[in-house]
Amino acid sequence: MFENFLGTCWSADSNGGTTEAEEVISAVGGPCFSSAGHVGMINAVIYQPATLLKSDTDLLSSGYDESTSPGRGAFTLHHNLTLIAVDKITAGSEIFLDFGSEYNGYEDVTKANIDDYRKMDEAIEKMLEFFNKHAENIGEKAADEVYQFMKNDVLDLTAEARAPAARSLLPSTYHGLQEIMDKGGSALNTYPSVVKDVDWLKNNAYCQDNLVVGVSQIEHAGRGAFAKREMKKGEVVAPMPLVALNYGRKALTMTEYLNEHGQEVDSDEDGATTTVKTQQMLNYMLEHPQSSVLFFPAGPLVPYVNHGGKDANVKMIWSTKPWSNVKNAQKLEVESLSGVGAVDMILELVATRPIKKGEEVLLDYGDSWAKAWKKHTDEWKKKMKKVTLKSAMVLNEKYHSTEKAAPFPAPSEDDSDFGNENVALQCLLLYDVDKVERRRNEDGTRTKVYPWIPHPANANRLKTDSAIRSINRGGCRIVERSGDEASGYRYVVQPESNPDILVKNVPHSAIRFVDLPYRSPHHDETAFRHAIGFPDAIFPAAWKDLPGGYKDRDEL
């Protein structure tokens, strides 16, 4: 089921999780999850630098020590996925992202793509200018003949194979051109329902900005969700659209096969031993002990809501929105749940008492979770392994501290951090291909050197240039360092993806450590793992396919 969301922020490319394993599917809630995809109406994009260049100073300065905390590996270190507007988004407008060429059918000549919409809007403006100036003078018949010539002959000549798609965006007569522009362009004219009345939204939709993220006040919990404003008892704090994962525990189990030397081997090799681990994502899933299905709550910042036990100030209830067919989903058998859209499986987090602005929002995860966490913390010191190698998060704090950041060492300088087998360097690299230099090497050969350019925040370029929206980060090696603390450090780096070139003037901020596959604290075999309890009082009877609970699950 999760693969269905790979066109959105669930791709690990989007949130910086690509180095966690050989193949990664991420889970992200909130506006990123609830956004739609339409190639002609892209009004927001995922801002790639946000996740790679994130800061963890808040967490580390709070006293969290990953080498000793029982919370090590229990909560995600990936955060700060950011959407930025690349077009004017009016109140009531739907958010549209670029879901990729495959989703959008970019090469389909019968379907308008982003270039068609953009070019036709430009053409419509020019047509309008012409007809506003000349239509009255040349007369209705002549004006219509000119328009039909533009619409058919000119488009056939200029748009060639894409002419039918481009033509579909034009009105039957030139009198309809102004209406298209008044509606905001050819895309909005084609799909006017994407803009809702604000009053309708207030009465029928969910607010997605009631929460903000900060360091949790609960020890070892990592980050938490806090109220952005005061909320009354019974008020919806956040919606929780559910994504079902059939046979969830099996899907989140990883089995590693090792030989006597601790090296990974095929499962059928003689003498291979197995190590079974559960993915960290289990900690963010909802689970009922009598069901084989796990549910990911894809609400805005909902995964940051921590366990509060008796101090919980929110609870889960089912949505009663008229546009959500919750009652039908509750009658389905578990095998069908992965095919149910999240819009028809929505829970609400509602306040059980008044919540003050800035107060941490807490949910009761259930007795089973609470007992498991207590057992884990009680036994932590006994089973805790000594952590000798620092994670990427800790190293990035050393080199990017807001107080005094250390420079990355040049190749001639010795630094034990670069011998850390758990991490690697990654750079955010865009460079100007039109400004190439050639550096002479000692062996007489020459290497192409390109100047680094910043990831543009220019809205128009982010909207129209798919290369800019794509992933521009990857492994790199530092070749030289210049500058100082006062002027700022600059580097010459060699991209791992193209080792035949160099990129100069790379700023200190564009270089980060990342954890190598299966080496981050997320994969610690002693890390806490337990799903959030799905309250029995609201769990549908039809979804209880394991009457005997976990015993049946093991047999399944």
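The values are calculated or read from the model by the stated rules, or taken from the named source; none is laboratory data. Remember, it's a predicted structure, so these values are computed and weren't measured experimentally. Because the Cβ atoms are built from the backbone with ideal geometry, glycine has one as well, and the counts that use them run over all protein chains shown. Side chains included, ligands, DNA and RNA excluded: accessible areas come from the protein's heavy atoms. Shrake-Rupley method; radii C 1.70, N 1.55, O 1.52, S 1.80 Å.
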Sole miss for H261 among (1) open to solvent by less than 60 Å² (accessible area, probe 1.4 Å); (2) without any contact (Cβ under 8 Å) to a residue 12 or more places away in the chain is condition (1)
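Which one of E397, E413 is within 20 Å of A510 (Cβ to Cβ) and under 28 Å from the mean Cα position of the chain (by Cα)? Can you show your working first?
Values: E413 fails: under 28 Å from the mean Cα position of the chain (by Cα).
On inspection, the qualifying residue turns out to be E397.
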Helices (runs of 4 or more DSSP H) completely within the stretch 12-73 that count 2 or more residues being modelled with pLDDT of 80 or more and closer than 25 Å to Y191 by Cβ: 31-34
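Taking the condition of being surrounded by 15 or more Cβ atoms within 10 Å (Cβ to Cβ) and either part of a helix (DSSP H, G or I) or within 25 Å of the chain's Cα centre (by Cα) (or both), how many residues in the stretch 325-342 meet it? Steps first, answer last, please.
Of all residues in the stretch 325-342, those surrounded by 15 or more Cβ atoms within 10 Å (Cβ to Cβ) come to 325-326, 329-330, 332, 334, 337-338, 340, 342.
With the extra rule that they be either part of a helix (DSSP H, G or I) or within 25 Å of the chain's Cα centre (by Cα) (or both), the set shrinks to 326, 329-330, 334, 337-338, 340, 342.
Residues that pass the stated criteria total 8.
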Flag if A372 is out of contact with any strand residue (DSSP E or B) (no Cβ under 9 Å at 6 or more places or on another chain), open to solvent by less than 70 Å² (accessible area, probe 1.4 Å) and touching a residue at least 60 places away in the same chain (Cβ under 8 Å): yes
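Taking M316 as the residue in question, decide whether it is part of a strand (DSSP E or B), at negative phi and of a type outside the set (K, R). Please lay out each step first, then the result.
Working: part of a strand (DSSP E or B): yes; at negative phi: yes; of a type outside the set (K, R): yes.
In short, yes.
Mind telling me which of the residues A392, A410 ends up being touching a strand residue (DSSP E or B) at 6+ places or on another chain (Cβ under 6 Å), modelled with pLDDT of 80 or more and either surrounded by 19 or more Cβ atoms within 10 Å (Cβ to Cβ) or hydroxyl-bearing (S, T, Y) (or both)? Working first, answer last.
Details: A410 fails: either surrounded by 19 or more Cβ atoms within 10 Å (Cβ to Cβ) or hydroxyl-bearing (S, T, Y) (or both).
The unique qualifying residue is A392.
Can A159 be described as part of a strand (DSSP E or B) and buried (at least 16 other Cβ atoms within 10 Å of the Cβ)? Write out each step before concluding.
Working: part of a strand (DSSP E or B): no; buried (at least 16 other Cβ atoms within 10 Å of the Cβ): yes.
For A159, the condition - part of a strand (DSSP E or B) and buried (at least 16 other Cβ atoms within 10 Å of the Cβ) - is not met.
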